Amino acid sequence: MFESYEMSFAAKAGLGVAVAELNEIGIASVEERITSLASMLRTMLAAVDGVTVQDRGRRLCGIVSFSVEGRNGETAEAATERAFEQLVAAGFSVSISRRTSTMIEMSQRGVDCVVRVSPHVYNTESELRCLVDAVRRHFI
């Protein structure tokens, strides 16, 4: 009978615009672009000494997960957390996923945390290179 929460009309309007844009571009085109960018980013990150791309599977999505090797006595967890903090400080939109989020998977791999990057359809290859350069410059 009564509303149980407030409604964000701006969020509803934004969702409508996003769906309209998706329909205009086409879901298959968006998937292809995001998958391509994520694949490029995995290849670029894997070429950086001390970085381990943590993604597995036959069909990978647009989320790229990586960890950073610790140096000079620093644990891999501490190095990866530092990488995350410095990428955020440099203006990159990244997140961190800790073992508590995916206990079984990370425990099997012996990983405590990963940095997660999600390229989107509007990102450019140049932006991917900037991110990888930042990883190389600040952490390795």
Item to check | Neighbour count of at most 11 Cβ within 10 Å plus DSSP loop: longest chymotrypsin sites (Phe, Trp or Tyr not before Pro)-free window in the chain | outcome: 6-121
Checklist entry - By how many nm would the segment from Tyr5 to Arg56 lengthen if fully extended, with 0.36 nm per residue of separation less the alpha-carbon distance? => result 14.4 nm
Checklist entry - Hey, rough spin-label estimate for Arg136 and Asp49, points 7 angstrom out along Cα→Cβ, what's it come to in nanometres? => result 1.2 nm
Checklist outcome for this item: Which of Asn123, Asn72, Asn23 fluctuates most in a GNM of the chain (C-alpha springs under 10 Å)? That residue is Asn72
Next on the checklist: Suppose we look only past 21 Å in the calculated P(r) of segment 9-139. What percent of the Cα-Cα pairs does that tail hold?
Outcome noted: 46 percent
Next on the checklist: Spelling out what I want: for every residue of segment 56-70, take phi, set θ = phi - 60°, compute 6.51 cos²θ - 1.76 cosθ + 1.60 (Karplus), and round to whole Hz; glycine and proline get x.
Outcome noted: 9, x, 6, 10, 8, 8, x, 9, 10, 10, 8, 10, 10, 5, x
Checklist entry - Given +1 on the Cβ of Lys and Arg, -1 on the Cβ of Asp and Glu, and no further charges, what dipole in debye does the chain carry about its Cα centre, rounded to the nearest 20? => result 380 debye
Checklist entry - To the nearest 10 degrees, how steep is helix 125-139 against the longest Cα principal axis of the chain, on a 0 to 90 scale? => result 40 degrees
Next on the checklist: Under the rule a/c < 1.5 gives rounded, and otherwise a/b versus b/c splits prolate from oblate, where does segment 69-140 land using the Cα gyration tensor?
Outcome noted: oblate
Next on the checklist: On C-alpha positions alone, give me the angle between the axis of helix 9-25 and the longest principal axis of the chain, in degrees, nearest 10.
Outcome noted: 80 degrees
Checklist outcome for this item: Stretched fully, the stretch from Ala13 through Ala28 gains (0.36 nm per residue minus C-alpha distance, one decimal, in nm) 3.0 nm
Next on the checklist: Just to confirm a number: summing +1 for Lys and Arg and -1 for Asp and Glu over residues other than Ile25 whose beta-carbon lies under 11 angstrom from that of Ile25, what do you get?
Outcome noted: -3
Next on the checklist: Ignoring GluC sites (Glu not before Pro) that are buried or in helix or strand per DSSP, and keeping those with at most 10 other beta carbon atoms within 10 Å, what is the longest stretch of the chain between them?
Outcome noted: 7-140
Item to check | MRE, 222 nm, helices only [DSSP H, n ≥ 4, -39500 (n - 2.57), over the chain, to nearest 500] | outcome: -17000 deg cm²/dmol
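Coordinate-derived values only; no laboratory data. Note that this is a predicted model, so its numbers are computed, not measured. Because the Cβ atoms are built from the backbone with ideal geometry, glycine has one as well, and the counts that use them run over all protein chains shown.
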